[in-house]
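Engineer: I have a structure I would like to understand better, so I am pasting it below and will then ask my questions one at a time.
All of the numbers you see were taken from the coordinates with simple rules; none came from a lab. All values derive from a computational prediction rather than experimental measurement. Reconstructed Cβ throughout: ideal geometry from the backbone, glycine too, with neighbour counts over all protein chains shown.
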Amino acid sequence: MASLTLDAVRNAGAVERRWPGDLAAALLAVGLHAGLFALLLHGWTPELKVPAASQVLATQLVSLPQPPAEPVVEPLAESPVEPAPAQVRPAEPAPDPRIEQHRLEQAELALARAEQARSEQRRREQQRQREERQRQEAERERQRQVREARQQAERARLEAEAAERARLAAEAASRQYLPIAKQPPSYPQRALDMGLQGECTVSYRVDRQGRVESPKVVGDCHPLFIRPSLAAAKTFRYQPRIVDGRAVAVPDVRNTFHYRIE
């Protein structure tokens, strides 16, 4: 048993030699192992007949050498840090007033040129818009004149066609428009004495009542036959001409009187 204790102590000494800085922990471990060993021995040993001679357990304490004290390292005294010399900036030269004045003049000149360019651009744009409006107005005026010319030409054509139809209708009507009552002209005595014969055509207008208005001689007519021809024409009566349900006058109605000696 003593040998076991010594072995434990030796082992503890070996541990102490391995970790010289943990002397107190090693001593505590040795004590704990010794107490544990005594407990186990006392609790688990069966009752044996104690021999007459008692056995004595001898223990020996071994003093372990103290570990050498670690040298105290004194901190090095910090050397004072000298402040860096302040950097002195060289004094900036004062700006030349002539250079500054020139720079300002150049800036004003550039600004004036830019404003002039913008004004010129606005002027050109306004001129372009004005020319465009004039062109559009001229085009509208040209189209209006073309339309008016076409309309006038169409109206003139229609009026000419209407006038031609009216003239043809009047001629046809005058040829077919015969009196419903008339008296023949008197043969002039002097023409009988002279043995004159001939024809005399009279033109007149028939009003809405069918009476003759404004008779006149047309073409060649002997002077001796003019008066009796006009007098005979005034005695003619016509049926009023009805157009669209209304009586209308008929212009340029003609009648030819024949003078013959039988």
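Engineer: Just how large is the dipole of the range 179-259 about the Cα centre, in debye to the nearest 20, putting +1 at every Lys and Arg Cβ and -1 at every Asp and Glu Cβ?
Structural biologist: The dipole magnitude comes to about 320 debye.
Engineer: Just grab the label-to-label distance for THR256 and GLU213, each label 7 Å out from Cα along the Cβ direction, in nm (one decimal).
Structural biologist: Between THR256 and GLU213, the simple spin-label model gives 2.7 nm.
Engineer: Pop a pseudo-label 7 angstrom from the Cα along the beta-carbon direction at both ARG237 and GLN143 and give the gap in nm to one decimal.
Structural biologist: The modelled label-to-label distance comes out at 6.4 nm.
Engineer: Just order 202-210, 105-113, 216-224 by mean Cβ neighbour count inside 10 Å, highest at the front, would you? Each step should come with its number before you reach the end.
Structural biologist: On the way: 202-210: 18.2, 105-113: 10.0, 216-224: 13.9.
The packing order, highest mean first, is 202-210, 216-224, 105-113.
Engineer: Provide the gained length on full extension for the span HIS102 to GLN121, in nm with one decimal, where the gain is 0.36 nm per separating residue minus the Cα-Cα distance.
Structural biologist: Numbers: separation 19, 0.36 × 19 = 6.84 nm, distance 2.83 nm.
That pair, HIS102 and GLN121, stretches by 4.0 nm at full extension.
Engineer: Hey, for a label at ALA247 modelled as a point 7 Å past Cα toward Cβ, could you say which residues of the range 183-207 have their backbone N under 17 Å away?
Structural biologist: 205-207
Engineer: Separate question: So for the pair ALA112, ILE226, with labels modelled 7 Å out along Cα→Cβ, what separation do we get in nm?
Structural biologist: Taking the simple label geometry, ALA112 and ILE226 are separated by 9.7 nm.
Engineer: Additional query: Using a Förster distance of 41 Å, how high is the FRET efficiency between GLU131 and ALA163, based on the Cβ-Cβ distance and rounded to 0.05? It would help to have the intermediate numbers written out before the result.
Structural biologist: Details: r = 47 Å, r/R0 = 1.14.
After rounding to 0.05, the efficiency reads 0.30.
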